[in-house]
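*Asks:* Structure provided below as structure tokens; questions to follow.
Any read-out appearing in this document is the output of simple, stated calculations on the displayed coordinates, not a laboratory observation. In this text the structure is predicted, and so the values were computed from the model without any measurement. Neighbour counts run over all protein chains shown; Cβ positions are idealised from the backbone, glycine included.
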């Protein structure tokens with residue numbers, strides 16, 4: 001008879017180098033899930049739905065808060081947001097109680113309502129691209145065994161109790177469209193199952209309270225994973241996130257390290273030291289887009305398994321570091337670059353053109369946009385309040401041949417329409433294409449992103 005042992009036998013002495021090597025991989029593996037724990041704690045500690053710091057939607061566990069305008073450029077809670085949609089955000093504890101997604105009739109307007117499990121994999125299919133009908137949709141935890149009441153239109157089961165929610169609804173950048181959506185957005189909501197009464201409830205999202213920011217925001221995203229505390233938080237991940245098929249031995253290895261750290265201050269110190277080093281040497285470089293998915297052409301990159309990572313721990317952690325909470329590929333294709341066509345870092349000391357030839361706009365059934373981010377993956381605040389260009393901008397000017405040229409520079413162009421200008425910071429930046437409800441040519445990579453050409 002053979003006995004399977006996952007990791008060193010309890011009581012075995014482990015060299016410091018082994019502890020650090022094993023701990024290094026555990027840190028990369030667990031980083032997104034520890035981030036989820038801390039985001040849940042930080043973004044649900046409010047008594048009712050409201051805006052944290054007046055800019056980011058927060059809600060108690062099991063619910064959501066919706067925005068009524070584009071997200072503010074000053075927020076530092078979530079990197080790489082966009083100004084194409086009205087956002088909602090929240091977290092659920094789905095084994096304790098399911099959450100109900102209340103979906104109104106959006107007509108022809110594009111919308112999608114994502115839900116991610118603790119691993120940051122998407123598990124609900126709700127949106128215009130799925131043909132979702134108005135109604136009430138429950139998301140339940142892996143161990144919830146109750147009975148859903150009459151009136152629930154459909155349900156989705158998460159693989160973990162902890163889940164994050166984010167509805168998105170397209171809105172044009174016009175006063176007319178803001179007015180058109182004002183009443184409709186009041187009917188979009190997520191709330192605990194015990195608040196469900198079978199009727200389409202309304203909520204006045206335009207008048208939610210503001211709550212203080214618990215930590216002063218700097219230039220970069222709020223630090224959601226502290227390497228000094230990682231090994232104190234990893235046990236919660238190991239206990240609440242069941243292993244994927246084939247991960248059982250990994251869990252055994254990580255539990256061995258946790259147990260050894262509890263018994264030996266020297267082991268704990270080595271693990272913390274390894275975590276600090278890994279944060280600097282591995283996690284921080286993942287902010288570069290070249291590590292966030294395969295090449296997509298013309299020096300752009302794009303993940304092919306976003307929100308469905310499986311055991312692709314590199315991409316899962318890279319996106320959690322640079323761009324948390326991406327939709328699944330069939331919902332949104334994300335394409336990004338830090339460099340121009342010649343491979344040089346984008347920098348506001350130069351000017352650039354982004355050229356879509358006639359018939360070569362991103363092929364989508366929903367909408368597309370090109371967003372500019374500073375080196376921290378946040379907006380460059382500018383006098384125009386312009387952070388992206390795309391479908392939402394009805395005043396873009398096209399060439400006589402049907403081409404679209406967008407201009408990217410720190411100063412407005414003197415020989416091009418200002419409507420086609422994206423203001424850039426004076427230092428380095430990146431560009432990011434979103435293609436909502438992408439057609440097959442984007443999904444299979446036969447569509448090539450535009451050339452980003454330095455002109456000066």
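*Asks:* Once both axes come from the Cα atoms, what is the angle between helix 265-278 and the longest principal axis of the chain, in degrees from 0 to 90, rounded to 10?
*Replies:* 20 degrees
*Asks:* Could you state the orientation-averaged shadow area of the convex hull built on the Cα atoms of region 289-454, in nm² to one decimal?
*Replies:* That works out to 9.3 nm², a quarter of the Cα hull's surface.
*Asks:* Under the Kirkwood approximation for Rh and a Cα-based Rg, what ratio Rg/Rh is obtained for region 46-211?
*Replies:* Value, to two decimals: 0.94.
*Asks:* What is the packing order of peptides 381-393, 197-209, taking the mean over residues of other C-beta atoms within 10 Å and listing the highest first?
*Replies:* So the peptides 381-393, 197-209, ranked by packing, come out 381-393, 197-209.
*Asks:* Evaluate the relative contact order of the chain (contact order divided by residue number), counting alpha-carbon pairs under 8 angstrom at least 6 apart; express in whole percent.
*Replies:* 17 percent
*Asks:* If you don't mind, another one. Got a sec? How would 70, 18 order by Cβ neighbour count within 10 Å, fewest to most?
*Replies:* Lowest to highest Cβ neighbour count: 18, 70.
*Asks:* What does the highest-first list of 412-422, 152-162 look like by mean Cβ count within 10 Å?
*Replies:* Taking the mean over residues of other Cβ atoms within 10 Å, the ranking is 152-162, 412-422.
*Asks:* Would you please classify the overall shape of region 130-186 from the alpha carbon gyration tensor, given that a ≥ b ≥ c denote the square roots of the eigenvalues, rounded means a/c under 1.5, and beyond that prolate means a/b larger than b/c while oblate covers the rest?
*Replies:* prolate
*Asks:* Would you please report the Å³ per residue occupied by the convex hull of the alpha carbon atoms in region 244-378?
*Replies:* 144 Å³
*Asks:* Can you tell me the orientation of helix 230-240 relative to the chain, as the angle in degrees between its alpha-carbon axis and the longest Cα principal axis, to the nearest 10?
*Replies:* Long axis of 230-240 versus the principal axis of the chain: about 90 degrees.
*Asks:* So, one more: Can you give me the angle between helix 16-44 and the longest principal axis of the chain, using Cα atoms only, in degrees from 0 to 90, rounded to the nearest 10?
*Replies:* The helix 16-44 is inclined about 60 degrees to the chain.
*Asks:* Right, here's the next one. Using alpha-carbon positions, what is the distance between the centroids of region 327-392 and region 27-53, in Å?
*Replies:* 28 Å
*Asks:* Next up: Tell me, what is the Rg over Rh of the chain, with Rh the Kirkwood radius over Cα pairs?
*Replies:* 0.98
*Asks:* For residue 244 and residue 345 in one chain, what is 0.36 nm times their gap in residues minus the Cα-Cα distance, to one decimal in nm?
*Replies:* 32.5 nm
*Asks:* Let me ask another. Suppose we look only past 13 Å in the calculated P(r) of region 382-433. What percent of the Cα-Cα pairs does that tail hold?
*Replies:* 60 percent
*Asks:* Could I ask something else about it? Just rank 12, 74, 35, 307, fewest to most, by other beta-carbon atoms within 10 angstrom.
*Replies:* 12, 74, 35, 307
*Asks:* Please arrange 101, 230 by counting, for each residue, the other beta carbons lying within 10 Å of its beta carbon, fewest first.
*Replies:* Going from least to most buried by this count: 230, 101.
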